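Chemist: What follows is a structure written as structure tokens; I'll ask about it next.
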Amino acid sequence: MENRENTILPVTNTSTLERVRHVRQSKMVQRILDKDTTVLVDDPLENEMVLNMGPQHPATHGVLRVLLRIDGETVIKCVPELGYLHRGFEKLAENMTYHEFIPHTDRLDYIAPLSNNVAIAMAIEKAAGVEIPERAKWIRMMVCEVARISSHLLAMGCHAMDVGALTIFLWTFGEREKLYDIIEQICGARMTTSYTRVGGVSNDVDEAVIRQLRTWMNAFPAILKDCESLMLRNRIFIDRMAGVGYVSRDKAIALGMTGPCLRGSGVEYDLRRTMPYLNYDQVDFDVITHNDGDCWGRFMVRAQEMRESVKILHQILDKMPEGPVMADNPNKVMPRKGEIYTKMEELISDFMLINYGTMPPKGEVYSAIESSKGELGFFIVSDGTGHPWKLKIRSPSTTNLQALKFMAEGSMISDVVSIIGSIDPVMGEADK
């Protein structure tokens, strides 16, 4: 331990990045090996450190690894790393029929499975040239908006819990349970719904379910207002959200962000308005934007979008016509069980579709919807057989996580938790 010299860190007023550069150039971190080959540093708090946040960290909202280089408590570099879930859905799709792949979409964004079902069914119908009945279109819109509210409720509750507000999580989770009761009445399942079918939906919605949904919609705005009142004037909550995780309008567009993350930076882009699908051009709603581009802005967008979804749901229930909910196209659409058991033609069609699948013509199509997290798209390449030659999923969680690096660098370690919550990723669709 002889000839050991102490090194004094000069005090400067330069920025963090300049100070880090100065530390590197002046070789402030000195290795002094003693007899036991121990590395000694005079002041470890004045040196950079590399930390792993995740993939097991509960605040990463799934198996997301975030590699952080920090100086003190300031994040100098951030590298989000995806791929720890190992799902392989896109490859699985190549080895099954289009109809068989629908249940797998429940496991993408498993917070809003009804939206995923609608998205894949629309892509298959576009490839195969299948038109669905009017009532089926309105029912699909209804379940998509229910899924949007359910997803935003969980995003609001988890984001609040990430910054220390547990009460809101309990309130929003209670409302989600009420919605799950309604979803269970619609399709018989709560999470893995598999409700949408190629050509329509699996079953009609009866009047009792519609009345139950109306009752919930009438009571929900007051509960949402209570949730906002508890948080939006709380000084701690505001300090943890406002000005944190900033991403500019131009950067959000360049990174391909969509959904509330994009609209939270002031970009008025919503597929329901810019490229209407189903019957969204027949309902009135506002595209919610916020110009701050921070965690606060993204939180506020989701809160206000729930009110717009309730407005849309009222219009859907008022305008929903009577009629069939499945297309009458036995060569491409699965016949009803009652027809299969009583008619030879439908029995033959069912046999062919089960064994060989719907066969779109050769070509490629892309179809997308505005899911709760952004643009959820399916790109299908057909070779004329009953299963896709290639299926690519454009998941909003993957694209939105690209912005984590730019949001986190320059922030504090504690801010990273809030930033991830504001993105609201679901790793089930990110690691697809």
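The values are calculated or read from the model by the stated rules, or taken from the named source; none is laboratory data. These numbers come from a predicted model, not from an experiment. All Cβ positions, even for glycine, are placed from backbone atoms using ideal geometry, and neighbour counts span all protein chains on display.
Chemist: Quick test for you: out of E375, E429, E346, E409, pick the one residue that is among the acidic types (D, E), surrounded by fewer than 24 Cβ atoms within 10 Å (Cβ to Cβ) and within 18 Å of the chain's Cα centre (by Cα). Break it down into steps so the answer makes sense when it comes.
Modeler: Numbers: E429 fails: surrounded by fewer than 24 Cβ atoms within 10 Å (Cβ to Cβ); E346 fails: within 18 Å of the chain's Cα centre (by Cα); E409 fails: within 18 Å of the chain's Cα centre (by Cα).
Criteria check complete, one pass: E375.
Chemist: Something else now. Which pairs have Cβ atoms under 6 Å, sit 6 or more apart or on different chains, and link a residue in segment 262-289 that is under 15 Å from S371 (Cα atoms) to one that is of a type in the set (V, I, T) and in a helix (DSSP H, G or I)?
Modeler: These pairs meet every condition: R263/V301; I288/V301.
Chemist: Next question. For segment 65-93, how many residues are in contact (Cβ under 8 Å) with a residue 60 or more places away in the chain and touching a Pro at 6+ places or on another chain (Cβ under 6 Å)?
Modeler: 3
Chemist: In the set R135, R140, which member is under 17 Å from C187 (Cα atoms) and touching a helix residue (DSSP H, G or I) at 6+ places or on another chain (Cβ under 6 Å)?
Modeler: Within the list R135, R140, the selection yields R140.
Chemist: Name the one entry in R263, R240 that is of a type in the set (K, R), modelled with pLDDT of 95 or more and over 25 Å from A327 (Cβ atoms).
Modeler: Details: R240 fails: modelled with pLDDT of 95 or more.
Residue meeting the stated conditions: R263.
Chemist: Among residues belonging to segment 297-323 that are touching a residue at least 40 places away in the same chain (Cβ under 8 Å) and under 13 Å from V287 (Cα atoms), point out the one that is farthest from the chain's Cα centre (by Cα).
Modeler: The qualifying residue farthest from the chain's Cα centre (by Cα) is I312.
Chemist: I'm trying to understand the selection: among the residues of segment 276-305, which are assigned to a helix (DSSP H, G or I), closer than 25 Å to E131 by Cβ and not acidic (D, E)? Let's see the steps before the verdict.
Modeler: If we filter segment 276-305 for residues that are assigned to a helix (DSSP H, G or I), which is where we start, we get 280-282, 295-305.
In the following step, the residues that additionally are closer than 25 Å to E131 by Cβ were identified as 280-282.
Residues satisfying the conditions are Y280, Q282.
For every residue, the table says whether it meets (1) touching a helix residue (DSSP H, G or I) at 6+ places or on another chain (Cβ under 9 Å); (2) assigned to a helix (DSSP H, G or I); (3) assigned by TED's automatic domain parsing to the domain that holds G374.
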{"residue": "L68", "(1), (2), (3)": "yes, no, no"}
{"residue": "G83", "(1), (2), (3)": "yes, no, no"}
{"residue": "L92", "(1), (2), (3)": "yes, yes, no"}
{"residue": "L108", "(1), (2), (3)": "yes, no, yes"}
{"residue": "N117", "(1), (2), (3)": "yes, yes, yes"}
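Chemist: Look at segment 310-354 and say how many of its residues are in contact with a helix residue (DSSP H, G or I) (Cβ under 7 Å, 6 or more places away or on another chain) and acidic (D, E).
Modeler: 4
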